[in-house]
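Student: Pasting in a structure now, in structure tokens, and then I'll have a few things to ask.
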């Protein structure tokens, strides 16, 4: 992999005339009172650090970038949950005209977990391409394709690829109102099929968001989203006489369907400080995840969750005192109601972190 990055770096150097190297890093400390989001509360303090380096070059209408990101997440008490993620990628932007541009890129990721969680180690190859056209200064249409290939080296049953086609419309108005409307269709394909399962899942997603300036340096945003599984599948496996569901291990977007809505208020106090408060509500049904009682007997065919979330985020640019440094403070609180007793829980998390860009 290192040879690939070196080759791409040299290629990028040869094809462009103007180049820039960027370095950024972040360090966050989290206090989470329910790290597994279940009725059996397990709290922990978490350290998360990331280092991102990028090389960007510009030649005429073309901008080419190579980047790498190293992320480490460390759990103080539950060390087996700690993980290390590496990502290497390339991205390219080509401007056909003032109205039309194309973006495409690819990246490769490796995630290593500790001890018993090594079963979740995976590699990911992803690629994307999108084309944007501005019909006016206020209206833009973007369409594109996204591809993921996730390979679990210790558990091939979970390996899969994802294909997504999307379309997004952006508009803004003289009333200082902005509007986003988007839709996408996704397919999750399992190369290792099972006799009783098709090996594929299809999902439709619809999203709308409205933003409105309500005062000087103050904005209000509302959004709504609906996900519908056109087909559904859940992988299962037995371990130590216990049946495990993929939906419980990963809880990805294909594991459930439903809707979500939220509202947020953003206030900028000055050019270097701001606060954001938000509330959101979601309702989800897990089509292939039954509800069991304490004795392991199925009592309901589908798990169903309703979740209410609150959050406040404060950020402050400290470049006035320390060049390139910014401070971030966060508070989040979740209340999850479910027809499965194991998933009736609340979760509170605080975090403080610093970003540094060179």
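Read-outs throughout are calculated quantities, based only on the coordinates presented, and are distinct from any laboratory measurement. Remember, predicted model here, so these are calculated numbers, not experimental data. Virtual Cβ from ideal backbone geometry, glycine too; neighbours counted across all protein chains shown.
Student: Expressed as a whole percent, how much of the Cα-Cα distance distribution for the range 138-230 exceeds 22 Å?
Tutor: 48
Student: Considering the values (i) 22.4, 68; (ii) 19.9, 63; (iii) 21.3, 64, which represents Rg and Dmax of the Cα atoms in Å as calculated for the structure under consideration?
Tutor: From the options (i) 22.4, 68; (ii) 19.9, 63; (iii) 21.3, 64, the structure gives (i).
Student: Please check which bits of the range 264-305 a label hung off residue 328 would reach, taking the label as a point 7 Å along Cα-to-C-beta and the cut-off as backbone N under 20 Å.
Tutor: 264-280
Student: For residue 252 paired with residue 129, estimate the spin-label separation in nm (one decimal), with each label point 7 Å from Cα along the Cα-to-Cβ line.
Tutor: Label at residue 252, label at residue 129, 2.2 nm between them.
Student: Next question. Can you tell me what share of the DSSP beta bridges in the chain is antiparallel? A percent to the nearest 5 is fine.
Tutor: Counting only bridges with both partners in the chain, antiparallel ones make up about 100 percent.
Student: Please compute the Cα-Cα pair-distance distribution of the range 286-333 with 10 Å bins starting at 0, giving whole percents from short to long.
Tutor: 20, 22, 16, 16, 14, 11, 0
Student: Rounded to the nearest 0.05, what FRET efficiency is calculated for residue 140 and residue 48 with R0 set to 35 Å and r the Cβ-Cβ distance?
Tutor: 0.55
Student: Given 0.36 nm per residue, what is the gain on full extension from residue 18 to residue 40 after removing their alpha carbon distance, in nm?
Tutor: Length gained between residue 18 and residue 40: 2.4 nm.
Student: In addition: What is the calculated FRET efficiency for residue 300 to residue 58, with r their C-beta to C-beta distance and R₀ = 51 Å, to the nearest 0.05?
Tutor: 0.35
Student: Given a Förster distance of 35 angstrom, what is the FRET efficiency for residue 93 paired with residue 275, based on the Cβ-Cβ distance and rounded to 0.05?
Tutor: 0.65
Student: Give me the extension gain from residue 182 to residue 293: residue separation times 0.36 nm, minus the current Cα-Cα distance, reported in nm with one decimal.
Tutor: 36.0 nm
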